[in-house]
């Protein structure tokens, strides 16, 4: 039995479908006549209570439906003659992103909240895709904390539209942070990647932790500087490729938890030279329309050369997340050829006036 609706995450040229389950099982997804398995080198995985099935984006976009096949298993720890229950099938329609007006909702910094961000998203109304932009679990101290990701996505999307997930700094804390990459979408095991949803092109970045690796809070468990150096090579490679130059692209967005061009005080003023380099490469070669961020626990629209631009902000930045006690505020977007409309909405049912940028 499924714990939530499936979560269909876009990453690279794939959808990575995550499905948490209540009991130990094996799982596969059928698209047309082809099956895609949650497997490890030919062995169906059953020990994790969260299944991950990667499918070609093109296949699901064309089929517009998929079937999750789940089979409860008993006695897997036996070497032979495992006992299986009948296969359960769950069919879902799927609507790929298309058209010249695209609606998206952005959620970050929920810190274990589920009902409040879901309510805020529903105030914005129908969407074509969802973004989760870091710090969705408060930390990775227990694997069960990851369920808030699937509960939010499953509730809002119903398994019928795609989502994008980007890691935040709180997602790097706790003993299970080292396996978090198995529970979220990655490309080549990296938490930074590009994605394409209809005529929206995206660059998903991961700033890692927000203080020096040697900070005592981390107790010697962090090596984010080396991680960011690898990410720098990735950004430079993307900047020099043609993937963001397609004439059919309507909007180019950067999704990153931490608005990295802001001037922070110690001990948060890390990697200023590196982040300045990121911003320069992105601004000069990728030329994005918008950067979507969280982390600051506030909402606002910040132009280039504005109050949070200390390191060469590549484009307008929208910060969209306010977590509070029994409260959450996020941000909805309407992307079109001529403009982007921004609406901040909250879990109390309120929507701020629409802003066009």
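The values are calculated or read from the model by the stated rules, or taken from the named source; none is laboratory data. What you see is a predicted model, and the numbers here were worked out from it, not measured in a lab. Here the Cβ is made from the backbone with ideal geometry for all residues, glycine too, and neighbour counts use every protein chain on show.
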**Request:** Output the number of residues of the range 1-29 satisfying the condition of being within 24 Å of residue 85 (Cβ to Cβ) and surrounded by fewer than 17 Cβ atoms within 10 Å (Cβ to Cβ).
**Result:** 5
**Prompt:** Hey, which of the strands (runs of 3 or more DSSP E) in the range 254-332, taking only ones fully inside, have at least 2 residues that are within 26 Å of residue 195 (Cα to Cα)?
**Reply:** 290-293, 299-302, 316-320
**Complete:** The condition from (1) over 21 Å from residue 180 (Cβ atoms); (2) in the same structural domain as residue 344 (by TED's automatic domain parsing) that residue 141 misses is numbered (1)
**Prompt:** Out of the range 333-357, which residues are in contact with a helix residue (DSSP H, G or I) (Cβ under 7 Å, 6 or more places away or on another chain), surrounded by 18 or more Cβ atoms within 10 Å (Cβ to Cβ) and in a strand (DSSP E or B)?
**Reply:** 343, 345, 346
**Request:** May I ask you to list the residues in the range 75-89 that are surrounded by 13 or more Cβ atoms within 10 Å (Cβ to Cβ), within 33 Å of the chain's Cα centre (by Cα) and farther than 23 Å from residue 182 by Cα?
**Result:** 87, 88
**Request:** Working only within the range 214-244, note down all residues that are assigned to a loop (DSSP other than H, G, I, E, B), within 29 Å of residue 105 (Cα to Cα) and in contact with a helix residue (DSSP H, G or I) (Cβ under 9 Å, 6 or more places away or on another chain).
**Result:** 244
**Item:** Those residues of the range 77-100 which are assigned to a strand (DSSP E or B) and closer than 22 Å to residue 62 by Cβ, in sequence order
**Value:** 89, 90, 91, 92, 93
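Given the criteria in the same structural domain as residue 330 (by TED's automatic domain parsing), assigned to a loop (DSSP other than H, G, I, E, B), in contact (Cβ under 8 Å) with a residue 12 or more places away in the chain and buried (at least 18 other Cβ atoms within 10 Å of the Cβ), does residue 207 qualify? If you could, list the steps in order and put the result at the bottom.
Working: in the same structural domain as residue 330 (by TED's automatic domain parsing): yes; assigned to a loop (DSSP other than H, G, I, E, B): yes; in contact (Cβ under 8 Å) with a residue 12 or more places away in the chain: yes; buried (at least 18 other Cβ atoms within 10 Å of the Cβ): yes.
So residue 207 passes the test.
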